[in-house]
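Novice: Could you have a look at this structure, given as structure tokens, before my questions?
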Amino acid sequence: MAAEDLPSEFDVVILGTGLAESVVAAACSRVGQRVLHLDRRSYYAANWASFTFNALLTWIQEQQEGPQPEQGKDWSSLLNDGEELIHLSNPDLDSITNIQVLSYASEEDEEVPDTAKEETSANSQLEAESTGSREEESAEAEEESAEAEATNTKGEEPEVDQSHPGASSGPSEPTRKKISYAQLLKEGRRFNIDLVSKLLFSRGSLVDLLIRSNVSRYTEFKNVTRILTYRHGNLQQVPCSRADVFASRQLSVVEKRKLMRFLTSCIEETEMDQAYSSQPYSKYLQDQQLGENLQHFLLHSIAMVTEDTPTEAGLASTRHFLRSLGRYGNSPFLFPVYGLGEIPQCFCRMSAVFGGIYCLRHSVSCLIVDKDANRCKAVIDSRGQRISCSHFVVEDGYLGSRSSVTTPTRLLSRAILITDSSVLPSDSEQQVSMVTIPPGEVCQSAVKMVELCSSTMTCMPGTYLVHLTCQSVGSAFEDLSQLVTKMFQTPESQEPGGRPSVLWSLYFNMADGSVPGVEGQGLPSNVHVCSGPEGSLDHEHSIKQAELIFQRILPDEEFCPPAPNPEDIIYDGESPTPSAEEDSVKEAGQQEESGGDLKEAGQQEESGGDLNPQLDQ
Amino acid sequence: MSMEDYDYLFKIVLIGNAGVGKTCLVRRFTQGLFPPGQGATIGVDFMIKTVEIKGEKVKLQIWDTAGQERFRSITQSYYRSANALILTYDITCEDSFRCLPEWLREIEQYANNQVVTILVGNKIDLVEKREVLRQRAEDFAEAQSMLYLETSAKESDNVEKLFLDLACELIREAKQNKLDNGDTAPMLGEGKTISYLNCCNVN
């Protein structure tokens, strides 16, 4: 469907729906630019996307199959005098590599009483049929590489009696029923699995932008509830708020006092001792007589820097952490409900509301460049339509070889796990944890781990979704599998013990977007390149990049001014009705009487409503 | 400032092919206008109307697609926290009816499980051009366990009824679900004035 043709004239054409591109789209539409926003893929958010479990399996398969061969059409007939073409390529070409899937969940439901066997057998056949073998094969092709237990060959008739690897944990264990692979598939839509793993600093530039632009009305957030660190093979909670510090049982009274004094002085921005200007932060911490414990917390979990980060940068990171703390809760971080993939989409929605035209599964084949002016005059879309534009914004992946020739490839190693319990069980099952694993503890590089619970709407109830990220040394599997084996229960784990079991895991490498881009390397001056996700925990890089690009395109315009509150809009030829007036003076507040669903809507409203970030300190 | 002046707030989301009259339905209901062409739709995220049902004030927040349906590119987040979906087609356009299963697949993927879906056949003022028989649509709606209604945004037929019926249904469901209250998410902008530093000062 949608054979409709696109208009042939825009101010800004944007290719790729990653975070930076989407922010640029929203910002340009917001100030009245005619924006065309395209993505070759069938989904939003590029490498920032989140997928349901089933969609992730399809994505994995697509990555493994490699890109479809491009039809090298000759568009030169569309050229006028003095014009030349720049060809674009497929963005998926090499941004994702070394994909490895390990499935540990049993194929069938375990612990089924004998009497119910017939029934399960029927069910499992049904499930095997309904879920479609296509995706399963892709997952299983990889399973061979690891001696994953409980992977009976699919395609054969599932035989219930045989496939009871967990028979030891008999029906006498009423507390937990192991979740099977079939269940993961069946409940697949309850997962929203992010390709990147990041958090929002409560006072970071993304949160500021969401509030300032009113894009925050499209999404909801959860607090990260605790900060953990992995040390000497143990997980410890990092005390960061005053309450935490005093409640901590790991810290002595002296340590508590020292930590409080240090944090307080840090946030007051007292002049840094100039003696440390050329010294690493770790040395600075050492000299504060904080003790090894506190130094570890401050360096790895609060500042989240390395041993050789300069003192000034270390202090800045510490301050950033402390300032974000307590704005929304007892940790400095927020996580978007339904996953990070929502965020670029929210900016796309804002762009569409202000007239941006959206078209997925639609790409740009080449740019038409005016040779004399060295400016991009128009693009030719994948259907051969010439679309003129004043500016072209593009995700770097579409520039293909152009970028990889000139820049060394740096990679991120990622692991995504679906587990059956939390790494650190507590009173509440609904914890969102940020875990720092310092370099040298298990892996060569520092590993950031985020554990999400089902109330973030990223995994099915009874499971946790664990994201691990580090700078690559080897492949993702080489970098991270050892840590996974140590912190979680897999068949490879040496000693048994009450660790969470991994039901399913995915390893892959992703190109690191912090590598300096291809800007200016022979590209026309009105072509603006956005990089993909990088390895940091925050979103500063992409937001800064988007703002810079916007300023280059529209130097005199405001970046993302607040969108009007729908309740305040007065339409042409219409006198404000009494109800409209009432609405506009209302103050957003929580409805006591409303049920769960209503509450969500109520909050939605609250976020878009009369909020004034300035009020908040 | 006083508390909110309503008992319920619902988010209603419209979907369906381009040109079936989604925006017209919203504008007719919220502003009594047709055609809606005059006023700017640019920059309008959703429309609000507060109605009273059996003595209870119900605020309806009605979201439109912002044109993203034109090229089949609606963001998933659009569906996320909808309480109700109005799936619209044009009774004079067979194609818009044939696309319904595709829309239902999207709903199933991204919308909340408990979302109330109503199928609406719009443009009954053009009955002489009808391409989709009422019976066919009713059967389809029944098979998908949706409510069904035919409307004319132009003549204002059944438009009020559509939204009021939905509101009644949503209230009924809300009263049923009252018990399962999920925990609340912190909201942006809801920032606490007690910052970390403030904590330190209180001794």
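Novice: Please calculate the 1.4 Å probe accessible area of A:Ser197, with all protein chains present, and give it to the nearest 10 Å².
Specialist: My reading of the accessible area for A:Ser197 is about 20 Å².
Novice: Counting only protein heavy atoms and using a 1.4 Å probe, what share of the accessible area of the stretch A:242-324 belongs to carbon plus sulfur, as a whole percent?
Specialist: Carbon-and-sulfur percentage of accessible area, whole number: 47.
Novice: Residues of the stretch A:1-81: accessible area per residue at 1.4 Å, in Å²?
Specialist: In whole numbers, the stretch A:1-81 has 39 Å² accessible per residue.
Novice: Pop out the carbon and sulfur fraction of the accessible area of the stretch B:8-181 as a percent, whole number, probe 1.4 Å.
Specialist: 47
Novice: Keeping the other protein chains in place, figure out the carbon and sulfur percent of the accessible area of the stretch A:375-517, with a 1.4 Å probe.
Specialist: Result for the stretch A:375-517: 51 percent of the exposed heavy-atom area is carbon or sulfur.
Novice: Still on this model: Take A:Gln274 and B:Asp165, extend 7 Å from each Cα along the Cα→Cβ direction, and tell me the distance between the two endpoints in nm.
Specialist: 7.9
Novice: Something else about it: Roughly speaking, what is the stretch gain from A:Ala243 to A:Arg361, that is 0.36 nm per residue apart minus the C-alpha to C-alpha distance, in nm to one decimal?
Specialist: Stretched fully, the A:Ala243-A:Arg361 segment lengthens by 37.4 nm.
Novice: May I pose another question? In square angstrom, what is the accessible area per residue of the stretch A:242-324 with a 1.4 angstrom probe?
Specialist: About 51 Å² of surface per residue is accessible.
Novice: Using only protein heavy atoms and a 1.4 Å probe, report how much of A:Asp74 is accessible, in Å² to the nearest 10.
Specialist: 110
Novice: Counting alpha carbon pairs within less than 8 Å and at least 6 residues apart, what relative contact order, in whole percent, applies to the stretch A:324-458?
Specialist: With pairs under 8 Å counted, the relative contact order is 18 percent.
Novice: From largest accessible area down, sort A:Leu411, A:Leu6; use a 1.4 Å probe on the protein chains.
Specialist: Listed by decreasing accessible area, they come as A:Leu411, A:Leu6.
Novice: Can you give the accessible area of A:Cys530 in Å² (nearest 10), computed on protein heavy atoms with a 1.4 Å probe?
Specialist: For A:Cys530, solvent-accessible area is about 0 Å².
Novice: What is the sum of charges, Lys and Arg at +1 and Asp and Glu at -1, for the other residues whose Cβ falls under 11 Å from the Cβ of A:Gly513?
Specialist: The answer is -3.
Novice: Inside 10 Å of the C-beta atoms of B:58-70, what's the mean count of C-beta atoms belonging to other chains? Please report the intermediate quantities before stating the final value.
Specialist: On the way: counts 0, 8, 1, 7, 1, 5, 1, 4, 10, 6, 11, 2, 7.
Partner-chain Cβ atoms within 10 Å, mean over residues of B:58-70: 5.
Novice: Chain pair A, B: how much accessible area is buried, both chains summed, with a 1.4 Å probe, in Å² to 100? Write out the running numbers ahead of the final one.
Specialist: Values: alone 28470 and 12500 Å², together 33630 Å².
Rounded to the nearest hundred, the buried surface is 7300 Å².
Novice: Something else now. Putting +1 on Lys and Arg Cβ atoms and -1 on Asp and Glu Cβ atoms, find which of A:Gln250, A:Pro310, A:Leu285 reaches farthest to the positive end of the dipole of the stretch A:242-324.
Specialist: Highest projection toward the positive end goes to A:Gln250.
Novice: If you roll a 1.4 Å probe over the heavy atoms of the protein chains, what accessible area per residue do you get for the stretch B:8-181, in Å²?
Specialist: 40
Novice: Moving to a separate point now. In nm, to one decimal, how far is the modelled label at B:Arg136 from the one at B:Glu52, with both set 7 Å along Cα→Cβ?
Specialist: Distance between the two pseudo-spin positions: 4.4 nm.
Novice: Are there any residues in the stretch A:316-330 with a reduction of at least 50 Å² in accessible surface when going from the isolated chain to the assembly of protein chains? Probe 1.4 Å, please list them by number.
Specialist: A:Tyr328
Novice: Using a basic spin-label model with each label point 7 Å from the Cα along Cα→Cβ, how many nm lie between A:Glu307 and A:Gln250?
Specialist: It is 2.0 nm.
Novice: Here is a further query. I'd like the FRET efficiency for A:His87 and A:Arg261, computed as 1/(1 + (r/R0)^6) with the beta carbon distance as r and R0 of 56 Å, rounded to 0.05.
Specialist: 0.40
Novice: Between A:Asn234 and A:Glu478, 0.36 nm times their residue separation minus their Cα-Cα distance comes to what? Provide the component values of the computation, followed by the final result.
Specialist: Values: separation 244, 0.36 × 244 = 87.84 nm, distance 2.17 nm.
Value of the extension gain: 85.7 nm.
The values are calculated or read from the model by the stated rules, or taken from the named source; none is laboratory data. Given the structure is predicted, the values throughout are model-derived calculations rather than measurements. Because the Cβ atoms are built from the backbone with ideal geometry, glycine has one as well, and the counts that use them run over all protein chains shown. Only protein heavy atoms, including side chains, enter the accessible area calculation; ligands, DNA and RNA are left aside. Shrake-Rupley method; radii C 1.70, N 1.55, O 1.52, S 1.80 Å.
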